[in-house]
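The values are calculated or read from the model by the stated rules, or taken from the named source; none is laboratory data. These numbers were taken from a predicted model, which means no experiment stands behind them. Counting neighbours? That spans all protein chains shown, and the Cβs are built from the backbone with ideal geometry, glycine included. We work out accessible area using only protein heavy atoms, side chains counted, and drop any ligands, DNA or RNA first. Shrake-Rupley method; radii C 1.70, N 1.55, O 1.52, S 1.80 Å.
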Amino acid sequence: MSEPTHYLQQSPVSPEIAARFPDLHPGFDKQAAVAEANRCLYCFDAPCTGACPTHIDVPRFIKKIASGNLAGSARTILDANILGESCSRACPVEVLCQGACVLHRYNKKPIEIGRLQRYAMDSLHASGAVLPFTPGADTGKSVALIGGGPASLACAAELRRRGIRAEIYDARALPGGLNTYGIAEYKLTLDASLREIDMLSQLGVQFHLNTTVDAAMLTELEAAHDAVFLGLGLGAIHKLGVTGEALDGVTNALDLIAGYKSGAITSSPARVAVIGAGNTAIDAANASVRLGATEVTMVYRRGPEQMSAFDFEYEHAKQEGVRFLWHVQPVSIKGRKAVEGLELQALEASADGSLVPADAHWTLPVDGIVLAIGQATHSDFLSTGSTVQLERGRVVIDRASGQTTNPKYFAGGDCTNGGREVVDAVADGKRAGMGIAAWLAAQSAVQNGGSHADA
Ligand code: SF4
């Protein structure tokens, strides 16, 4: 096993960015954590566990916090979800575990499951303990994992625990994909993501960074490894398709978030329009505020009822001072060299309910535009001769095992579901890791059976 790499030491986060993006939900101290843990009813057949895509045994880890067994609590979490740290911060708990808490039925505040999970994980890190798992006995098998995000990380951990070599290939300078570069710093810090990855490195997961896998390289990896896992995530954010899109000052939400997290972006234009109304759009709007914008406007072609962002994200953006323009669509971006304005057109409902352009036209004066109108799939290289089936750009898998239509390929996360939560990617990666191990074991059994028969 190679020496573990310490990615946390390579963190580019500056003190200034850390100060501008403090924790949205600061962690519990010991007293608050124990008091919160003691409110739990420790339900049998707990709905919170059922609502968690990775099925963490929530009452069990909370009970261990109440009894002071923090190492045991962290182990319970990690056993089900190896990225328990990042999920504790990034999960929209209001619509997952916490949303299912039975205390809602009694008109009581639900247990703060995410913050308790974070408390257990932070305590593990603060104790300096290593991951409470060891690699399985070496099977001599290896798997190439394409993309270094949460699906690949979870898959790799399952493989290492079963003695299978796991090599992750990622185009970025640091591992973690969305966890490291794509989630608002006030939810999941880049350092927390890297700290978690350092633990996986101790488990023997290997990373090949700054490595873009194209069709030719994929063929080489397929030949060199016993299986391939596709954890590609999603591709670039869609373009608007209007004039002026190439002007200085036009960016997209993911580049903005990755830019400030990695230290490349430290300020914002004064007046910013964010186009889109999903959770990532909200993160980009809030980021613009925190980077110094004085006026941030979200522009959306429908109304607040149709926005895909969660309600609590919408409320958060309003608190940050973001304003919203509903039922408008961008027509063009004005400016000579850099953005000077966004031309908008009002939309109104027609008789059949569809939105049609109204007469009103105006230009919103802005110095920066952030696109956040959904991401493309980037599995193009798979469609060039590969036997991995795609449907509307998504990799088709057997949901139970993660196996694709090419038995040597497995997949999970956003490239298979079009973009869901980190915890969904973790659940996919975990299932695929088990699926790959089972498939490799079956292959070996067939080969061994064949060689016994030959003898
Ligand atoms: S992983 Fe996320 S959904 Fe599951 S229990 Fe933890 S915070 Fe809740």
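Among the candidates Gly263, Gly276, which residue alone is out of contact with any Lys or Arg (no Cβ under 7 Å at 6 or more places or on another chain) and either more than 24 Å from Ala346 (Cα to Cα) or surrounded by fewer than 23 Cβ atoms within 10 Å (Cβ to Cβ) (or both)? Talk me through it step by step, then tell me what you get.
Numbers: Gly276 fails: either more than 24 Å from Ala346 (Cα to Cα) or surrounded by fewer than 23 Cβ atoms within 10 Å (Cβ to Cβ) (or both).
Only one candidate qualifies: Gly263.
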Query - Residues of the range 231-260 satisfying the condition of being open to solvent by 50 Å² or more (accessible area, probe 1.4 Å) and hydrophobic (A, V, I, L, M, F, W, C) - result: Ala236, Ala246
Query raised in the report: Name the residues in the range 83-119 that are touching a residue at least 40 places away in the same chain (Cβ under 8 Å), of a type in the set (A, V, I, L, M) and near the ligand (Cβ under 10 Å from one of its atoms), would you?
Result: Leu83, Ala90, Val95, Leu96, Ala100, Ile113, Leu116
Query raised in the report: Among (1) touching a residue at least 40 places away in the same chain (Cβ under 8 Å); (2) within 27 Å of Val242 (Cα to Cα), which single condition is Val395 missing?
Result: (2)
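Just need a number here: residues in the range 169-214 that are among the β-branched types (Val, Ile, Thr) and free of Cβ contacts under 8 Å to residues at least 60 places away in the same chain. Quick ask: steps written out before the conclusion?
Keep residues of the range 169-214 that are among the β-branched types (Val, Ile, Thr), which gives 180, 183, 189, 197, 205, 211-213.
If we keep only those that are free of Cβ contacts under 8 Å to residues at least 60 places away in the same chain too, we end up with 205, 211-212.
Going through the range 169-214 one residue at a time, the tally reaches 3.
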Query raised in the report: Given the conditions (1) acidic (Asp, Glu); (2) surrounded by 16 or more Cβ atoms within 10 Å (Cβ to Cβ); (3) part of a loop (DSSP other than H, G, I, E, B), and given that Glu36 satisfies all but one, which numbered condition is not satisfied?
Result: (3)
Query - Residues located in the range 188-224, provided they are part of a loop (DSSP other than H, G, I, E, B), under 22 Å from Pro4 (Cα atoms) and either of a type in the set (Phe, Trp, Tyr) or open to solvent by less than 10 Å² (accessible area, probe 1.4 Å) (or both) - result: Leu203, Gly204, Val205
**Report entry** Filter result for Ile77 (within 27 Å of Gly419 (Cβ to Cβ), among the hydrophobic types (A, V, I, L, M, F, W, C) and either within 12 Å of the ligand (Cβ to nearest atom) or at pLDDT 95 or above (or both))
**Finding:** yes
Requested in this report: Please identify the pairs in which a residue from the range 55-81 that is not assigned by TED's automatic domain parsing to the domain that holds Asp29 has its Cβ atom under 6 Å from the Cβ atom of a residue that is within 14 Å of the ligand (Cβ to nearest atom), counting only partners at least 6 apart or on another chain.
Outcome: none
Report task. Inspect all residues belonging to the range 63-73 and state whether any of them is touching an Asp or Glu at 6+ places or on another chain (Cβ under 9 Å), more than 10 Å from the ligand (Cβ to nearest atom), open to solvent by less than 10 Å² (accessible area, probe 1.4 Å) and not basic (Lys, Arg). Result -> yes
